[in-house]
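Heads up: the structure comes next, in structure tokens.
The values are calculated or read from the model by the stated rules, or taken from the named source; none is laboratory data. These numbers come from a predicted model, not from an experiment. Here the Cβ positions follow ideal geometry from the backbone for every residue, glycine too, while neighbour counts run over all protein chains shown. Please note that ligands, DNA and RNA were not included when accessible areas were found on the heavy atoms of the full protein model with its side chains. Shrake-Rupley method; radii C 1.70, N 1.55, O 1.52, S 1.80 Å.
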Amino acid sequence: MSTLKVNTIQNTSAAHSSTPEEIAQGRAKAWCRFTVSGGTPSINDSFNISSITDNGTGDFDFVFATAMSNANYAAVSTSEVGSSNINIPCLVSNGQATSDVRFQYFRITTLAGGGVTIDPPAGAVTVFGDQ
């Protein structure tokens, strides 16, 4: 196996360059595309997500294959709309650990903020941070 060591990576026109540190810090450390069928979540494709723990309706832990170095990472999620209502993913308070990240998914039923947790038909999670 060979190792390539450089200080800067640059495109052929010299218009854009990045350091290896910028690339390492800026890339996703984990991501997952998932579906939920019959109340059971399953991974369709992923990087560094080994499993999904189902904590109940609309409440999931996404477990990292390789832990994050701290819990100060950025995690985002999306979800598909299952019916005429809007599904909103929310990062659970204190839901970030070095081993996993927890999201709950809500169906908004009224403009005044009424809603319930719901299993989305599908969604995605992405994590950026130190590993």
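In the stretch 34-95 the Cα-Cα distances spread across 5 Å bins starting at 0 as 4, 12, 26, 29, 18, 8, 3, 1, 0 percent of all pairs.
Report note on the peptides 7-18, 38-49: ranked by the mean count of other C-beta atoms within 10 Å, highest first, their order is 38-49, 7-18. Select one label from (1) 0.97; (2) 1.02; (3) 1.10: the one whose number is Rg/Rh (Cα atoms, Kirkwood Rh) as derived from the coordinates shown. Checking each listed value against the structure points to (3).
Each peptide in 55-65, 92-102, 117-127 gets a packing score, the mean of other Cβ atoms within 10 Å over its residues, and the list from highest to lowest is 117-127, 55-65, 92-102.
Protein heavy-atom surface of the chain, 1.4 angstrom probe: 51% of the accessible area is carbon and sulfur, with nucleic acids and ligands not counted. Near T117, once Lys and Arg are set to +1 and Asp and Glu to -1 for all other residues with Cβ below 11 Å from its Cβ, the sum equals -1. Between beta-carbons, use under 13 Å as the cut-off and find the net charge around D54, counting Lys and Arg +1, Asp and Glu -1. Result for the neighbourhood of D54: -3.
Normalised by the residues of the chain, what does the relative contact order come to in percent, with Cα pairs under 8 Å and at least six apart? Display every interim value, and only then the final one.
Working: 274 pairs, mean separation 36.0, N = 131.
Relative contact order, the chain: 27 percent.
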